[in-house]
Structure formats: structure tokens, C-alpha cells
Amino acid sequence: MSKGLYRLPGYKIVEELVNGNIAVEDYVHEVYERISRLDNYLKAYITLRSMDEVVRDVHRAVVEARRSPGKYKLAGLLVAVKDNIHVQGLRTTCASLMLEKYVAVYDATTVERVRRDGGIVVGKTNMDEFAMGSTGETSAYGATRNPWNPERVPGGSSSGTAVALAAGMATVGLGSDTGGSIRLPAAWTGLYGLKPTYGMVSRYGLVAYADSLEQIGPMARNIMDLALLYESMVGFDPRDSTSLNVDPSGYVEAVEQGYNEGGKGIRVALLEDFLEHPGVSANVKKTVTKVAERLSRQDVIVEPARLGKDLVDYGLPAYYVIAMAEASSNLARYDGVRYGPKEPPKPWESWNEYYSRIRAEKFGREVKIRVMLGSWILSAGYRDQYYVRALRLRRLIRNALLALLNKYDALLLPAAVTLPPRLGEVIDDPLKLYALDLATVIANLAGVPALVFPAEWVEGIPLGVQIVGRAGVEGEKVLFRVAAAHEAESGLRDLVAEPSIS
Ligand code: GLN
């Protein structure tokens with residue numbers, strides 16, 4: 001009989017495991033019962049660890065935590081990890097056939113830190129292939145379904161981590177966000193998700209898609225769990241040359257402050273560009289407005305402001321040009337020799353024929369589109385026309401955002417611009433697919449942090465909105481505090497779907 005442990009907040013689970021009020025077996029068995037019942041259908045996991053192994057690890061973490069009170073802040077928590085982040089001894093497939101058999105030889109820094117604090121990896125989660133996509137449908141291992149409405153997509157590319165949490169198949173999770181991949185699925189499955197400031201979280205052990213844009217980040221069902229997990233993974237790492245030399249702390253306190261004092265003294269700009277934009281659906285606009293009202297009740301000062309419609313619209317082309325250019329270079333290593341199936345060439349094949357055959361066979365359609373466009377964008381003659389212009393736009397967008405963030409502590413805007421599409425609805429049309437990222441790519445282009453939290457039930461989907469903040473620890477803390485104030489006001493937290501599967 002389920003005691004509902006699978007839906008408890010993570011901080012509560014840690015506390016109760018350590019003081020013995022929750023039995024390790026009960027917690028792990030409940031989560032695995034859900035996985036075995038739901039995941040064939042939802043497809044959140046690509047690789048799952050055995051339950052016995054996980055039970056043993058959770059036991060060990062709990063024992064350690066009892067020995068050293070105050071340490072092991074994640075003791076025993078079941079963590080879902082996106083399949084482009086290395087966990088030693090488990091496969092890292094990136095949801096691609098190219099890496100079907102690739103087993104990671106080391107832990108990503110983020111994974112190492114989460115484990116150090118007692119977090120236990122349950123498995124590796126489904127995603128868009130090489131994190132290229134916004135719906136979870138480009139995976140070579142099948143599309144992930146949204147547990148709130150299985151006819152709809154959950155959002156991508158961190159689709160599996162989102163669905164694992166939203167369906168109670170893990171308690172917290174790691175995703176990665178190049179242009180919205182944490183925030184979009186969070187916004188469509190009722191979760192809290194953070195795209196950290198660029199450089200705040202180590203990318204060591206993350207399979208690169210577009211280095212200048214992406215960060216690993218936490219996902220959770222409430223803002224306190226998000227802060228707990230983030231504190232574990234954030235901070236300087238000598239193994240990542242883009243890592244900021246800071247030692248951040250105080251996120252949990254920021255959440256407590258939001259709970260206790262609301263948002264007094266915080267000034268937030270409501271970005272009207274998105275409220276007027278034809279690409280943003282009416283129910284999303286209504287949701288953002290409603291959040292603004294709730295925040296005002298929590299003493300946040302909310303004022304309308306503008307980024308400029310042109311800049312908003314240039315975000316997508318600038319992002320996709322830069323992301324594809326970087327992707328074409330990053331994915332060159334998957335040639336069947338250095339990475340890939342490592343099968344010998346046919347006797348009649350030249351090396352070039354071999355590489356192209358392997359790449360043709362093992363990459364999916366979306367990855368091919370991007371590698372080809374990316375190479376073209378960088379080629380002599382076109383580089384100045386596309387890549388360099390995109391970099392200039394990136395600078396303009398960044399300057400405009402920073403100017404607004406000079407006046408305001410944070411910006412309020414949509415995360416997803418529509419409700420989640422139905423499976424198959426946008427996947428054949430790249431432009432429709434890319435348009436889903438309208439509101440998320442600007443934070444990546446500017447390197448600033450962005451947090452998504454659930455805001456409103458719309459057609460059975462717990463729809464989230466986004467706040468964007470100043471780069472750095474203090475700016476991120478504002479986001480946590482505002483999200484906590486909103487959580488207190490809305491009560492939207494710890495949402496777990498109970499999909500009926502026939
Ligand atoms: N949808 C965007 C893309 O496909 C973002 C993906 C991501 O953040 N990894 O590039």
C-alpha cells in the first residue's frame with residue numbers, strides 16, 4: 001500500500017529518512033512501483049538502476065547522515081539525471097543511436113557533488129537527441145509523454161527528468177538548458193526549474209551541444225527542493241574553463257525569506273513585449289498577468305516595461321544560428337571511430353564514406369539538419385552573413401536585457417508561449433518547433449539566470465511562467481525569493497500527476 005512517499009517534498013524525505021520515520025525500503029519501493037507501472041507508457045527513463053542497488057545506496061547515505069548531522073543534505077534523495085550528463089558506470093546515450101553503447105567513465109562535477117551530499121541517482125532520463133528539440137520527440141528511444149495529458153508533449157529537451165518528477169518517479173532531477181530545455185518542460189509539467197547564470201555551474205561531464213549557451217540546472221516540485229539541490233551543485237570547478245570563481249551560498253535562506261517576508265523591496269518588470277506578441281497565446285498572457293497580481297500581493301513592485309519587439313523577434317534566429325554553428329563543431333567527434341559504434345569500415349569504403357555512412361545511420365533527422373546548417377553557417381562566404389551577424393544580435397539583446405536589469409531586480413515573462421502541443425503536432429515543421437523557444441532563448445543569449453515556476457491550471461496543465469534575473473549569486477537569490485513568495489501565495493507546489501493508463 002502506498003503511503004504517498006513518492007509525492008513528498010525532498011527536504012521532508014531527507015529529514016524523515018534520517019530520523020527513521022520513513023523506512024528506506026518504503027520510499028524506494030514506492031518510487032519504483034510507479035516507474036514499473038507508468039514508465040513503459042510515459043518513457044521518462046532510458047537507463048534505470050536496479051532497485052536493490054538503489055536501496056543499498058540510500059541506506060548507506062542515511063547511515064552517513066546520522067553519523068554527521070548537518071552534512072549530507074540530500075541524504076537518500078532519489079535523483080533523475082538527464083542522459084547527456086555523465087554518471088560513472090551508466091550509459092550516456094544523449095537519446096541518440098550514436099551513443100547507444102557509450103558508458104560514462106567518470107561523474108560529471110554536478111553528479112559528483114550531488115552524490116557527495118547523499119543524493120542517489122535512480123537512472124538516466126530521456127531527452128531530445130543531443131538536447132536538440134523542444135518537445136522530447138527527437139529522442140531515438142521514443143517520445144516522452146506529458147503525465148498531465150498523455151496526448152501532449154511534456155516539453156524538451158529535458159523531457160525525461162521533467163516527467164520523472166511530475167509522475168513521482170524520482171524526487172528531484174538534473175536537466176540542461178541551452179535555449180530553454182529546463183524551463184520549457186518545467187513550465188508544461190508543473191515544476192520548478194532553474195537555468196543558472198552562465199558559468200555558475202560546472203559543465204564538466206555534460207555532453208556539449210552549444211557551449212556558449214548552456215548550463216546544467218536543477219529541477220524540483222517545490223522551490224525549497226530546488227534551492228537545496230542547487231546549493232549542492234553550484235560553484236567553481238577548475239575542470240571547466242568557463243566556471244566562475246565564486247563560492248555561492250544562501251539560496252535556502254533566500255527561499256525562507258520569500259516565505260516569511262514575501263518580496264518587499266523587490267522591483268520586477270512585467271515584459272509587455274510578450275503580452276502583445278502574436279506568437280504568445282491568450283491563456284499564457286492571462287497566466288503571466290495573474291502572476292503579476294499575486295506578486296503584488298506579496299509586496300513585490302511590478303511595473304510594465306519593454307525590451308523592444310524587434311529584439312524579442314531577433315532572439316530566435318540569433319539563437320538558432322549560434323546554436324547550430326556550435327553544434328556542427330561539437331558533433332564532429334561522432335564519426336564512428338572516436339565515438340560511435342566503432343565498427344570497422346567495409347573493405348570497399350574510404351574513410352569519408354565510412355564517416356558519412358555512420359553519421360547518416362546513427363544521427364536522427366533534427367541532428368542532421370543542425371549539423372548541415374551549422375557547417376554552412378560557418379563556411380567561408382556565409383560566416384559574416386550569418387554567424388557574425390548573429391553574434392552582433394546577441395550583443396544587442398544582451399545589452400537591452402542588462403539595461404532593464406539595471407533598473408529592475410528581475411523580469412517577468414512567459415516561459416512557454418503556448419500550451420504543450422499534441423504529440424506529432426509540430427515535430428515535422430522546424431519553424432513551429434523553434435517558435436516554442438521565443439521566450440526562453442534570450443536568457444541563454446545574455447548568460448543571465450532564469451527560473452520557472454508553476455502559475456496556473458490551464459486545460460489540465462499546470463502552466464509555468466518565467467522570471468529572469470541579474471547574473472551572479474545575488475541576482476539568483478532574488479529569483480528564488482520571488483518564486484518562494486509566489487509559491488506561498490499560489491499554493492502551487494508538489495504537483496504529481498496520476499495518469500490513468502489503460
Ligand atoms: N529547443 C532549443 C534547441 O533545440 C533548446 C534546447 C536546449 O535547451 N537544449 O536548441
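Just so it is clear, none of the values below were taken in a lab; they were calculated from the coordinates. Nothing here was measured: the structure is a model prediction, and the numbers come from that model. Ideal geometry is used to build each Cβ from the backbone, glycine not excepted, and the neighbour counts take in all protein chains shown.
Look at the dipole of the chain built from charges on Cβ: of 390, 499, 46, the Cα furthest out on the positive end belongs to 390.
With helices as the sole contributors, the chain gives -13000 deg cm²/dmol at 222 nm; each DSSP H run of n ≥ 4 counts as -39500 (n - 2.57), and the sum is divided by every residue. The simple Förster model, with R0 at 22 Å and r as the Cβ-Cβ distance, assigns residue 105 and residue 50 a FRET efficiency of 0.60. Stretching the chain fully between residue 368 and residue 41 yields a gain of 115.0 nm (0.36 nm per residue, less the alpha carbon separation). Computed extension gain for residue 33 through residue 289, at 0.36 nm per residue and net of the alpha carbon distance, reaches 88.2 nm.
According to the square roots a ≥ b ≥ c of the eigenvalues of the Cα gyration tensor, what is the shape class of the stretch 387-502, taking rounded for a/c under 1.5, prolate for a/b larger than b/c otherwise, and oblate for the remainder? Since a/c reaches 1.5 but b/c is at least a/b, the shape of the stretch 387-502 is classed as oblate.
Approximating the spin labels as points 7 Å out from Cα along Cα→Cβ, the residue 382-to-residue 116 distance works out to 4.4 nm. Measure out, as a whole number of angstrom, how far apart the alpha-carbon centroids of the stretch 254-281 and the stretch 381-397 sit. Each part's Cα centre sits 31 Å from the other's. Students often get this wrong, so check it: of 285/432; 124/290; 264/290, which have C-alpha atoms separated by over 27 Å? From the list (285/432; 124/290; 264/290), the Cα-Cα distance tops 27 Å for 124/290. Label sites at residue 353 and residue 296, each approximated as a point 7 angstrom past Cα along Cα to Cβ, lie 7.1 nm apart. Would you please give the FRET efficiency between residue 63 and residue 15, computed as 1/(1 + (r/R0)^6) with r the Cβ-Cβ distance and R0 = 22 Å, to the nearest 0.05? Efficiency, from the Cβ-Cβ distance: 0.90. Looking at the square roots a ≥ b ≥ c of the eigenvalues of the Cα gyration tensor of the stretch 407-458, which shape do they give, rounded for a/c under 1.5, prolate if a/b is larger than b/c, or oblate? Judged from the Cα gyration tensor, the stretch 407-458 comes out oblate (a/c at least 1.5, b/c at or above a/b). Cross-link candidates for residue 346: which aspartates and glutamates have Cα within less than 15 Å, leaving aside residues fewer than 8 places away along the same chain? In chain and number order, the partners are 335, 361. FRET efficiency for the residue 361 to residue 422 pair, using the beta carbon distance and R₀ = 35 Å, is estimated at 0.75.
The stretch 70-102 and the stretch 286-317 have Cα centres lying 35 Å from one another. Anisotropy class assigned to the stretch 327-366 is prolate, per the alpha carbon gyration tensor with a/c at or over the 1.5 cut-off and a/b larger than b/c. Exposure proxy for 290, 407: other Cβ atoms within 10 Å of each Cβ, ordered fewest to most, give 407, 290. Take residue 398, project a point 7 Å from its Cα along the Cβ direction, then tell me which residues of the stretch 310-333 have their backbone nitrogen under 19 Å from it. Under 19 Å, as judged by backbone N against the label point of residue 398, lie 311-327 of the stretch 310-333. In summary, the lysines within cross-link reach of residue 73, defined as a Cα separation below 21 angstrom excluding same-chain residues under 8 places away, comprise 12, 477.
Expressed as a whole number of Å, what is the distance separating the alpha-carbon centroids of the stretch 1-46 and the stretch 124-182? Spelled out, the Cα-based centre of one part sits 19 Å from the other. For the chain, the residue among 209, 352, 198 whose Cα projects farthest onto the positive side of the dipole built from Cβ charges is 352. Length gained on full extension, residue 3 to residue 26: 7.5 nm, using 0.36 nm per residue less the C-alpha separation. Legend: ranking of residues 127, 372, 233 from fewest to most surrounding C-beta atoms inside 10 Å; resulting order 372, 233, 127.
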